[in-house]
Amino acid sequence: MLTRISRAIRFDPSLYREVAADPSAIVQAAVIMFFSALAWGFGFHEGLKSIEGYEGRLEKIFLWSFANHVLVWVLLGVLLFIVRRLREKQGVSLLPGFTGIGFAHVPGVFYVFMMFGSEFFILLVNVLVILMLVASFIIAIRQTTRVPVSIAFPMGVIGVILVIRIRDNLAWIAG
C-alpha cells in the first residue's frame with residue numbers, strides 16, 4: 001500500500017490502471033480517504049486555533065471532514081461509473097471509479113501541514129493541495145475511464161470544484 005501511495009504522490013498514471021483492475025484495492029482506497037479526511041480535519045482545526053475568534057470543536061470538524069470526503073467519493077465514483085457505462089456499454093463495475101478517486105485523494109494527506117502556520121500558510125497549503133488534487137483527479141479519470149484529456153481535464157476540475165463546494169456547504173456542521 002505504501003508503494004501505491006508513493007506512486008500516487010508522484011502522479012504515476014499506471015497506478016490508476018493497476019488499482020482499477022485490482023478489486024482488493026478498494027480497501028486501500030477507503031484507508032486513503034480516511035487518512036485524507038483525518039489530515040484535513042486535524043490540520044484545519046489545529047491551524048485555525050491560532051486565529052482569533054475561531055471556536056470550532058474538533059469532533060464537529062472531523063464530522064464535517066468525513067461527511068465531505070464520503071459525499072465527494074460517492075459522487076465522483078458514480079460519475080466515473082456513468083462515463084464508463086456510456087463508453088463501454090457492458091461489463092462495467094463501480095469499483096474502478098471508486099478506487100481511482102480514492103487513490104486520487106492521496107494529496108489530501110498534506111492538509112495536515114495546515115496546523116503549522118499562519119492564515120497565509122493555511123491558505124498556501126490549501127491551494128497547493130487543491131492543485132495536486134486537480135492533477136490527481138485528471139490522471140485518475142483519464143486512466144480509469146480511458147477518456148481523452150479533453151474530457152478528463154474538465155471532469156477533474158469539476159471534481160475539485162465539487163470537493164470545495166461540498167466542503168463549504170457542509171461548514172454548518174463545524175459550527
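Side notes on the structure shown:
- Three-way shape call for segment 1-92 based on the alpha-carbon gyration tensor, with the a/c threshold at 1.5: prolate
- Simple spin-label estimate for Leu71 and Leu131 in nanometres, 7 Å along Cα-Cβ: 2.7
- Förster radius 25 Å - calculated FRET efficiency between Ile158 and Lys89 (Cβ-Cβ, nearest 0.05): 0.60
- Charge context of Phe81, other residues only, Cβ under 15 angstrom, K/R +1, D/E -1: +4
- Taking other C-beta atoms within 10 angstrom as a stand-in for reagent exposure, Thr3, Thr145 fall in the order Thr3, Thr145, fewest first.
- Here is how the number arises for the chain: DSSP H runs of 4 or more residues each give -39500 (n - 2.57), the sum is divided by the residue count, and the result at 222 nm is -25500 deg cm²/dmol.
- Length-normalised contact order for segment 2-174 - Cα pairs under 8 Å, 6+ apart - percent: 32
- Kirkwood hydrodynamic radius (C-alpha pairs) into Stokes-Einstein, the chain, 20 °C and 1.002 mPa s, D in µm²/s: 132
Since every read-out is calculated from the coordinates, none of them should be taken as a lab result. Owing to the predicted nature of the structure, the values given are computational and were not obtained by experimental measurement. Positions of Cβ are generated from backbone atoms using ideal geometry, with glycine treated the same way; all protein chains shown enter the neighbour counts.
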